[in-house]
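The values are calculated or read from the model by the stated rules, or taken from the named source; none is laboratory data. As the structure is a computational prediction, the values presented were derived from the model and not from experiment. Note that each Cβ is placed from the backbone with ideal geometry, even for glycine, and that neighbours are counted across all protein chains shown. What goes into the accessible areas is simple: the full protein's heavy atoms, side chains included, and nothing from ligands, DNA or RNA. Shrake-Rupley method; radii C 1.70, N 1.55, O 1.52, S 1.80 Å.
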Amino acid sequence: MKIPVRAASHSYDVTIGKGILKEAVTALNYLFAKTDKIVVLTDENVWSSQQHYFEANFPYEYHLHVMPAGETCKSFENYNAVQTFLLEQKCTRKSLIIAFGGGAVGDLAGFVAATYMRGIPFVQVPTTILAHDSAVGGKTAINHALGKNMIGAFYQPDAVIYDITFLHSLSEKEVRSGMAEVIKHALISDAQWVEELLEGDFVTKLPEETLVNYLAHGIQVKATIVEQDETEQSVRKFLNLGHTYGHAIEAAAGYGRVAHGEAVMIGLLYTLLLSEQYGKVNHQFTKRFLHFALENGYPFEAVHDFTFEQLTEYLLKDKKADYGQLQFVLLDTIGHPFVQKVELEKCEQIDQQLR
Ligand code: NAD
Ligand code: ZN
């Protein structure tokens, strides 16, 4: 299945399906034919679990660079190490990067591609459920000691090849994490889809066909938004649903302990509570959502590890925060997001309610 992304700066396709790597790469012949070198950037977990399949299905020669896994790969040190690798391999403006991994590898590789010799082509080959989100839309970044994703660029890939085969080796935690972004895409776009998710199987036990449909649906939602607003001046902000409070939990916990999507799920619940006050979301729905999240094993107990004061420090660092006032994406009704400024006092009140 192909999903076109017609971003203002650059158009490309997301090809998604099971066992499609070889065919999809071959179909990109026009792109690979004009490159002088291909560099595959991946991380140690992805490579150890997926090397065999990748080697068997990637039909071109490439230079491989395996990086540390997780957020570590988005450090300045690693960014520097990868640029050094490209220079040592004598990569030119005609070289192409393959980002083979989850959101961390994709963000790092994308930023490397955006900045090496002022920009070289890159292809996303995502390997996590979460990366149905991160691999599409062109946000690339590395982390700074003073904030996550603070150094980055909008830089679209030349293609996204999403072979579901790679998802088989994901841990349950990573499946849960990725599914939170699927649920986010449903909440901002489609009440009926949300119902289907809430009534459906455990998120970690979805039949493969359902999973592929959900991922494609999520990508479609994201693509439609990115096409309208590539650089987040307006509607792209909706994609941050659940992320303001979620990022604070993720940062306070120290990255990795609570996975990105797990923290987002907590943030989504927080958002629903706020949406009861500023929108028309009813408390019955929020209760059903909480029940669903708990049944599916999302770690709500993480909230109790921090006081609101501790979280505030991180909340105020949010890129959307404006001089002490926080900006949240909320839902008027399910499927209909809007942006709302919220006073810190109100944030604390909702925080207490969540606990
Ligand atoms: P990740 O890349 O760190 O992957 C999570 C873990 O799973 C890592 O340990 C990784 O090595 C491992 N892994 C990946 N694929 C695997 C596979 N197939 N089998 C076994 N293990 C595998 O993180 P993620 O959850 O994919 O993404 C989170 C990152 O994405 C964060 O850095 C976040 O900031 C970023 N993000 C970016 C965007 C964007 O629009 N650019 C959107 C959302 C999230
Ligand atoms: Zn996210």
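Details
- The lone criterion from (1) modelled with pLDDT under 95; (2) crowded, with 19+ Cβ neighbours inside 10 Å left unmet by ASN149 is number (2).
- Inter-residue pairs, beta-carbon under 6 Å, first within 13 Å of ligand 2 (Cβ to nearest atom) and modelled with pLDDT of 90 or more and in the stretch 245-263, second open to solvent by 30 Å² or more (accessible area, probe 1.4 Å) and charged (D, E, K, R), 6+ apart: ALA259/LYS173
A quick yes/no check of all residues on (1) under 15 Å from ASP158 (Cβ atoms); (2) open to solvent by 30 Å² or more (accessible area, probe 1.4 Å); (3) of a type in the set (S, T, N, Q):
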site	(1), (2), (3)
ILE38	yes, no, no
VAL46	no, no, no
GLN50	no, no, yes
PHE54	no, no, no
PRO59	no, yes, no
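- Among residues of the stretch 22-37 that are assigned by TED's automatic domain parsing to the domain that holds LEU86 and among the polar types (S, T, N, Q), those with a Cβ under 8 angstrom from a residue that is modelled with pLDDT of 95 or more and open to solvent by less than 70 Å² (accessible area, probe 1.4 Å), sequence gap 6+ or separate chain, pair up as THR35/SER95; THR35/LEU96; THR35/PRO121.
- Residues of the stretch 153-207 that turn out to be in a loop (DSSP other than H, G, I, E, B) and over 23 Å from LEU108 (Cα atoms), as a count: 8
- The lone exception for GLN233 - which of (1) within 23 Å of TYR162 (Cβ to Cβ); (2) of a type outside the set (Phe, Trp, Tyr); (3) out of contact with any Phe, Trp or Tyr (no Cβ under 8 Å at 6 or more places or on another chain); (4) not in a helix (DSSP H, G or I) it fails: (1)
- Test result for MET179, open to solvent by 10 Å² or more (accessible area, probe 1.4 Å) and either more than 16 Å from ligand 2 (Cβ to nearest atom) or under 13 Å from the mean Cα position of the chain (by Cα) (or both): no
- Total residues in the stretch 153-176, condition in contact with a Phe, Trp or Tyr (Cβ under 9 Å, 6 or more places away or on another chain) and away from ligand 2 (no atom under 14 Å from the Cβ): 10
- Residues in the stretch 264-298 that are in a loop (DSSP other than H, G, I, E, B) and more than 16 Å from ligand 2 (Cβ to nearest atom): GLY279, LYS280, VAL281, ASN282, ASN296, GLY297.
- Residues in the stretch 69-92 that are of a type outside the set (A, V, I, L, M), out of contact with any Pro (no Cβ under 7 Å at 6 or more places or on another chain) and surrounded by 16 or more Cβ atoms within 10 Å (Cβ to Cβ): GLY70, GLU71, THR72, CYS73, LYS74, SER75, TYR79, PHE85, CYS91.
- Hey, GLU227 open to solvent by 30 Å² or more (accessible area, probe 1.4 Å), in a helix (DSSP H, G or I) and touching a residue at least 24 places away in the same chain (Cβ under 8 Å) or not: yes
- Each residue in the stretch 320-353 was checked for being of a type in the set (Gly, Ala, Ser), exposed (fewer than 14 other Cβ atoms within 10 Å of the Cβ) and at pLDDT 90 or above, and 0 of them qualify.
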